Ligand code: HEM
Ligand code: FES
């Protein structure tokens, strides 16, 4: 019976050649760092799964977003857990993708013929950050609102077209209902399609070109290592299980930071971005007045362009990292500055503690003949 | 590949088929791309006319010195009719004149706070500092705090919508 079933499928699907593909031997000496790509892929799938379920209850409008999340947290069974996984999974994805990039640099894996794999990789990094930026707004709490206000204004500092870019991002002049709707669409429809398209391309290239292995590998080493299936996949699986366990623990133990509902007039709020954008937040402090655009536009853009060009700017032969002084210096300095800026950003003093509360006045009652457009606000109370 | 196919490769008929294929693809893409882009982008670029809205009653604001006032006005946020909330600092300069500082930092739009002991506006984000005239003292902000256009009518202080 079992043979019958197998035969049935074998006649219709190229199972045999798929199996052959899966069993292809990898280069020798591959270590755990070669599992980082698989870990990133796992996290991406986990985000897609948890996100698809969060979307069942989430409501992308300023009137309901915050409450729909409160509902998920307090009333939906496993709500906190699913949301926790999605929240901490996002941070983990940023970390894992960054480490994966570092491993590609350390083992000199981006060089010919793998330039395109690298290019698609950089695009993936940008998309992952795009997920982070758009997702941060969705809870519509204070940090969500203010990070987006600032983020959109950063986009507005692009020379010449900046104003239009900011408006297109927000869907208008200020962060509001239109912004939330389009961030939701970008976060849950546009970026997932884009990311899975790019991942497909990335993996196609990885498979077509074969794993690069280590720079020290001899030509014979290249196809005499363990097979991808089951050995490498098993190691990937172990790495993924460890990662998953950490995430489950985080989701169960560490509450997702949640703040008050967004308030465009709050006097005492100190806006801060998500931790992986803190380096940029800190960087912006150093460029004063007319130099502002260096922090908001010039440096980030040049950095991204250079990242794209890495495979084309470096020499052809592959060497271990300790024999590439320039690459080693640039990489260490970049990591060092990102880490230091992030730490400075975390420790950056808040105003909250120092400012004395100024006397506050709510709008004094206005005559009803005021020259503002008058809308009818009463909810239609149907029966 | 046989001889026959080789010939067909360069036949005028084959190039016509190829050209048509690209034409069909290009046509469909253009016809759909232009409206889609307009759909996503054009509403965002519309400029709304700015009206004067009520800030408060003059009598109640008499003698104000950098007084924080929160006010709301009815407006539209996309498809939502809403009460927009704003926050400003109001100073009575005498003779029924008022200076109204926007609290929106000229750097990246965080809300500044008036610090009475220092007589400065402090920004909670990247350390911007403005003096009592709203001019930049320190930090990244590229220009002074905005003074909102005001008018007084029938004992009511109005500001230009922001
Ligand atoms: C969501 C993001 C990403 C996913 C899911 C992903 C996935 C993968 C996977 C599964 C592999 C094969 C296994 C491995 O070598 O680890 C791989 C290889 C590779 N990735 Fe990524 N990647 C991502 C982002 C990036 C980034 C940001 C870069 C660099 C800018 C990059 C550059 C490369 C290169 C050059 C290879 C080939 C390495 C070799 O052949 O040794 N990837 N990626
Ligand atoms: S937003 Fe005020 S200093 Fe940056």
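Observations on the structure shown:
- Qualifying residue in the stretch A:215-232 (condition: at pLDDT 95 or above, part of a helix (DSSP H, G or I) and within 27 Å of residue A:129 (Cβ to Cβ)): no
- Filtering B:27, B:42 for residues that are farther than 30 Å from residue A:180 by Cα and either part of a helix (DSSP H, G or I) or within 16 Å of ligand 1 (Cβ to nearest atom) (or both) leaves a single hit, B:27.
- Residues within the stretch B:124-146 that are on the phi > 0 side of the Ramachandran plot, more than 9 Å from ligand 2 (Cβ to nearest atom) and within 11 Å of chain A (Cβ to nearest Cβ), tallied: 0
- All conditions but one from (1) part of a helix (DSSP H, G or I); (2) within 16 Å of ligand 2 (Cβ to nearest atom) apply to residue A:236; the one that does not is (2).
- No other residue among A:164, A:144 is more than 12 Å from chain B (Cβ to nearest Cβ) and either assigned to a helix (DSSP H, G or I) or more than 15 Å from ligand 2 (Cβ to nearest atom) (or both) apart from A:144.
- Conditions (1) facing chain A (nearest Cβ under 7 Å); (2) in a strand (DSSP E or B); (3) closer than 19 Å to residue A:175 by Cα; (4) touching a residue at least 12 places away in the same chain (Cβ under 8 Å): number failed by residue B:54: (3)
- Matching residues, the stretch A:255-291, being at pLDDT 95 or above and facing chain B (nearest Cβ under 7 Å): A:284, A:285, A:287
- Residues that are in contact with a strand residue (DSSP E or B) (Cβ under 6 Å, 6 or more places away or on another chain), in a loop (DSSP other than H, G, I, E, B) and within 8 Å of chain A (Cβ to nearest Cβ) do not occur anywhere in the stretch B:105-123.
- Of the helices (runs of 4 or more DSSP H) entirely within the stretch A:1-92, those holding at least 2 residues that are in contact with a strand residue (DSSP E or B) (Cβ under 9 Å, 6 or more places away or on another chain) and surrounded by 14 or more Cβ atoms within 10 Å (Cβ to Cβ) occupy A:65-74.
- Scan of the stretch B:83-112 for residues that are within 11 Å of ligand 2 (Cβ to nearest atom) and at negative phi, ordered by number: B:103, B:104, B:105, B:106, B:107, B:108, B:110, B:111, B:112
- Test: residue in the stretch A:61-83 that is at pLDDT 95 or above and within 15 Å of ligand 1 (Cβ to nearest atom): no
- Number of positions in the stretch A:279-298 that are closer than 16 Å to residue A:344 by Cβ and away from ligand 2 (no atom under 14 Å from the Cβ): 1
The values are calculated or read from the model by the stated rules, or taken from the named source; none is laboratory data. This one's a predicted model, so the numbers in the text were calculated from it and none came from an experiment. Using ideal geometry, Cβ is built from the backbone for each residue, glycine included, and neighbour counts are taken over all protein chains shown.
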